[in-house]
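Have a look at the structure below before the remarks.
The values are calculated or read from the model by the stated rules, or taken from the named source; none is laboratory data. Owing to the predicted nature of the structure, the values given are computational and were not obtained by experimental measurement. Positions of Cβ are backbone-derived with ideal geometry, glycine not excepted, and every protein chain shown enters the neighbour counts. Accessible surface is based on the protein model in full, side chains and every heavy atom, while ligands, DNA and RNA are left aside. Shrake-Rupley method; radii C 1.70, N 1.55, O 1.52, S 1.80 Å.
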Amino acid sequence: MALPDTFVAGFHDEAAVRKMRYNVLGNTRLRVSHMAFGGGALGGPNTYGEYDEADAISAVHQALKQGINYIDTAPWYGQGRSEELLGKALKDIPRNAYYIGTKVGRYETDPTKMFDFSREKTLWSVDHSLKLLGLDYVDIIQVHDIEFAPNLDIVLNETLPVLQSVVKSGKARYIGVTGYPVSVLKEAVECSNIKIDTVLSYTRDTLIDDTLKKFLPFFQSKGLGIINAAGVSMGLLSNAGPPSWHPAPEHVKEACAAAGQYCKERGVELAQLAQHYTMAQPGIATHLVGMNSQEVLRSNLDILNNGLSALQKQVLQEINTQFFDKIKPVNWENIEITELRKKLEVLGQ
């Protein structure tokens, strides 16, 4: 198979790059690795826990050398920490060795400042992200979690037109939208007068939720690049379990915890089973996997390159039958939005 445009002789491990699977991202000119580097895990304590900065930087370097060529981040991830660390990691990496996307719209932990889809904030955000990343441009600029906008019209009539001007200025190449309710992503694409190039869906094509599959034919018919994130459902599908802020209902957390314990007793990591499952699903250009250490990177590359062992396949079948089939369908749509609105009401917003 031909080497991707991001291949740089002398930097990449050519054998690893030739082994990596690459897919065209919709109608963009980007040929992206099947596994992408998710920068959410670089956000720090308030997202997926603390990490060693030097180890995380090494993980970024190794991921790129091994053929992963797409990186995703956002101002929301650690309120700039993810972008700042990536800026440190990428400063000595050839710019043409990777593609990178960041976002606008979601920012602070303070509920009153968490979301801002205005023209002024969007323009400021793009420039601030570029400064933290140490870059002149990003490949994809995305509107983050569009379901939280006061109404979709703000995204359609203010945020997206601003991003179109950002693309024209050369600070980004393509425009995307992200969100949890896949139906909202579809609505945005249907209603937008601005060309949307990519959609990012998270936790919606996993062992416990296959909602994204229902929307793939529509997205594909529009030539969209489909980015799937959080195959482990933001830690829910792992032996260690999710962070405390995870919005899933308690009965879902309990079932997943039981599955994780079962996997642990069998000497298997649930996250590897979940990651393998989601990366095997058709129609997806790239899968964002949150990583903040070389150990996590190695684990994910192992699953990508080598698949599941006989024991892992057996355990996967068993946990589906014993735990996951009993709780499907699973989602937590509107839970976070409702909680945020309650907080804003209390604050008089």
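Any residue in the range 48-65 that is in contact (Cβ under 8 Å) with a residue 12 or more places away in the chain and over 10 Å from A89 (Cβ atoms) sitting within a Cβ distance under 8 Å of a residue that is assigned to a helix (DSSP H, G or I) and not aliphatic (A, V, I, L, M)? List the pairs, counting only those 6 or more apart or interchain. The qualifying pairs are Y48/G40; D55/Q294; Q62/Q294. Checked against (1) on the phi < 0 side of the Ramachandran plot; (2) in a loop (DSSP other than H, G, I, E, B); (3) of a type in the set (A, V, I, L, M); (4) surrounded by 18 or more Cβ atoms within 10 Å (Cβ to Cβ), M234 passes all but a single condition, namely (1). Restricting A63, A74 to residues that are crowded, with 24+ Cβ neighbours inside 10 Å, within 20 Å of the chain's Cα centre (by Cα) and part of a helix (DSSP H, G or I) narrows the list to A63. For the range 316-349: of the residues being open to solvent by less than 70 Å² (accessible area, probe 1.4 Å) and free of Cβ contacts under 8 Å to residues at least 40 places away in the same chain, which is nearest to P181 (Cα to Cα)? Going through the qualifying residues, I end up with T338. The residues of the range 238-267 that are closer than 21 Å to Q314 by Cβ and touching a Phe, Trp or Tyr at 6+ places or on another chain (Cβ under 9 Å), listed by number, are A255, C256, A258, A259, Y262. Every condition in (1) within 16 Å of the chain's Cα centre (by Cα); (2) open to solvent by 10 Å² or more (accessible area, probe 1.4 Å) holds for N69 except the one numbered (2).
Right, L224: at pLDDT 95 or above, farther than 21 Å from K328 by Cβ, surrounded by 17 or more Cβ atoms within 10 Å (Cβ to Cβ) and within 17 Å of the chain's Cα centre (by Cα) or not? Against the criterion (at pLDDT 95 or above, farther than 21 Å from K328 by Cβ, surrounded by 17 or more Cβ atoms within 10 Å (Cβ to Cβ) and within 17 Å of the chain's Cα centre (by Cα)), L224 qualifies.
Could we say that T159 is outside any helix (DSSP H, G or I) and either open to solvent by less than 10 Å² (accessible area, probe 1.4 Å) or in contact (Cβ under 8 Å) with a residue 12 or more places away in the chain (or both) here? No: the conditions fail for T159.
Is it the case that L216 is farther than 30 Å from H276 by Cα, hydrophobic (A, V, I, L, M, F, W, C) and open to solvent by 10 Å² or more (accessible area, probe 1.4 Å)? Against the criterion (farther than 30 Å from H276 by Cα, hydrophobic (A, V, I, L, M, F, W, C) and open to solvent by 10 Å² or more (accessible area, probe 1.4 Å)), L216 does not qualify. Candidates in the range 77-132 are the residues that are basic (K, R) and under 15 Å from G40 (Cβ atoms); of these, the one that is surrounded by the most Cβ atoms within 10 Å (Cβ to Cβ) is K103.
Selection of the range 176-203 for residues being free of Cβ contacts under 8 Å to residues at least 60 places away in the same chain and open to solvent by 10 Å² or more (accessible area, probe 1.4 Å) yields S183, V184, K186, E187, V189, E190, C191, S192, N193, I194, K195, I196. When residues in the range 288-315 are screened for being assigned to a helix (DSSP H, G or I), without any contact (Cβ under 8 Å) to a residue 60 or more places away in the chain and open to solvent by less than 60 Å² (accessible area, probe 1.4 Å), 4 of them pass.
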